[in-house]
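Inspection log for the structure reproduced underneath, given as structure tokens.
What follows draws every value from the coordinates through simple rules; no lab data is involved. Just so it is clear, the structure is predicted and the values come from calculations on it, not from any experiment. With ideal geometry, Cβ positions are generated from the backbone for all residues, glycine too; neighbour counts draw on all protein chains shown.
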Amino acid sequence: MKPKLAVWKFSSCDGCQLTLLDCEDELLALAERVEIAYFLEATRTQLDGPYDVSLVEGSISTPDEVERIKDVRADSKMLVSIGACATAGGFQALRNTRDHAELQKTVYAHPEYLDALDTSTPISDHVKVDFELRGCPIDKAQLVEVLLAVLKGRAPVIANYSQCVECKMSGTPCIVVTRGTPCIGPATKGGCGNLCPTVGRGCYGCFGPKDKPNTAVLADQLITSGTEKRVVKDLFAGYTGGAPAFADEIQRLGGEQ
């Protein structure tokens with residue numbers, strides 16, 4: 001029998017699910033090898049578990065999601081969290097360090113209708129995650145590699161270096177050195193394909209912190225070089241501002257995300 005693949009959505013924008021649909025030719029080949037058992041973005045088909053692999057997009061930000069992710073985990077032999085929301089809490093994690101009740105009053109005319117948690121947290125805070133795929137959105141090639149690895153029963157081969165390595169590999173001059181553009185590439189996990197530095201924009205960490213990032217030294221160096229502390233803090237407080245290494249640096253720089 002074909003392995004069962006399920007794709008689940010929690011609090012998110014659907015962008016990472018769309019990355020799977022954007023695989024086009026690869027997706028057609030994948031469909032021949034697996035049974036897409038649950039993927040509401042693509043099909044009405046809903047097959048019961050257990051599932052051989054579940055891809056989970058989105059953070060946990062409501063009481064219902066806390067219970068639902070436990071059910072997904074129980075029905076999944078392998079669970080892969082995909083994207084910044086699922087791996088770091090996403091933009092919605094900006095509320096984690098603020099008064100959530102006040103934010104609700106500011107945004108919604110009737111906040112009493114809402115049923116939301118005070119925090120937005122990654123999937124791994126609630127259940128065991130077998131593998132994390134970073135990005136906002138995730139990289140198509142990395143997603144295909146993970147799915148191929150699952151089919152072949154091996155560990156995914158995903159690069160574990162900083163964004164700076166991708167700049168070097170692609171021949172992109174360092175924009176901090178050549179332009180004085182603030183960039184947190186040295187502290188950010190590579191994988192995006194060097195998108196922002198290629199067009200002269202500093203990396204703002206959408207793939208989250210690399211292993212053991214020295215965020216304090218990087219931030220202090222940027223500030224010493226003339227970048228405003230607020231700008232440096234904002235670079236860390238993006239899609240992956242809820243990741244512990246970045247969240248700690250935001251606090252060290254003085255204040256909320």
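A few points about this structure:
- A simple charge model with +1 on the Cβ of Lys and Arg, -1 on the Cβ of Asp and Glu and nothing else charged puts the dipole of region 163-252 at about 100 debye relative to its Cα centre.
- Rounded, prolate or oblate (a/c below 1.5 giving rounded, otherwise prolate when a/b exceeds b/c) for region 181-220 by Cα gyration tensor: oblate
- Rg/Rh for region 114-257, where both radii come from Cα atoms and Rh is the Kirkwood radius: 1.00
- Of the chymotrypsin sites (Phe, Trp or Tyr not before Pro) found in region 67-116, those in coil by DSSP whose Cβ has at most 15 other Cβ atoms within 10 Å are Tyr108.
- Cut-off under 5 Å, modelled amide H: who pairs with Phe131 long-range: Leu79, Ser81
- Multiplying the residue separation of Tyr113 and Glu41 by 0.36 nm and subtracting their alpha-carbon distance yields 23.3 nm.
- Each listed q (0.14, 0.27 Å⁻¹) maps to a log10 I(q)/I(0) for region 85-133, found by the Debye formula over equal Cα scatterers with no solvent: -0.42, -1.00.
- Among (i) 60, 51, 28; (ii) 52, 41, 36; (iii) 72, 54, 26, the entry that matches Cα extents along the principal axes in Å as calculated here: (i)
- Each of Ile223, Ile82 was scored by other Cβ atoms within 10 Å of its Cβ. Listed from fewest to most, they are Ile223, Ile82.
- Panel order for Arg230, Arg134, Arg68, by other beta carbons found within 10 Å of each beta carbon, from fewest to most: Arg230, Arg68, Arg134.
- Global geometry of region 153-224, whether rounded, prolate or oblate, following the gyration tensor of its Cα atoms and the 1.5 cut on a/c: oblate
- Annotation: extensible slack from Asp64 through Ala216 equals 51.0 nm (criterion: 0.36 nm per residue apart, minus Cα-Cα distance).
- Since only Ala116, Ser54, Pro213 are under comparison, the one whose Cα sits farthest along the positive direction of the charge dipole of the chain, derived from C-beta charges on Lys, Arg, Asp and Glu, is Pro213.
- In this structure, the amide hydrogen of Glu35, modeled 1.01 Å from its nitrogen in the peptide plane, lies closer than 5 angstrom to those of Lys4, Leu5, counting only residues at least 5 positions away or on a different chain.
- Lys, Arg +1 and Asp, Glu -1 on Cβ, resulting dipole of the chain about Cα centre, debye, nearest 20: 780
- Theoretical ellipticity at 222 nm over the chain - DSSP helices of four or more residues, -39500 (n - 2.57) apiece, nearest 500: -10500 deg cm²/dmol
- Residues whose amide H comes within less than 5 Å of that of Trp8, counting only those at least five positions distant or on another chain, are Leu55, Val56, Glu57 (H built at 1.01 Å from N in the peptide plane).
- Shape class of region 61-177 from the alpha-carbon gyration tensor: oblate, with a/c at 1.5 or above and b/c at least as large as a/b.
- Remark: Asp139, Asp220 ranked as Asp220, Asp139, counting other beta-carbon atoms within 10 Å and listing the fewest first.
- Computed from Cα atoms, the angle from the helix 215-224 axis to the main principal axis of the chain rounds to 40 degrees.
- Qualifying lysines (Cα of each under 17 Å from Cα of Lys189; at least 8 residues distant if same chain): Lys140, Lys168, Lys210, Lys212
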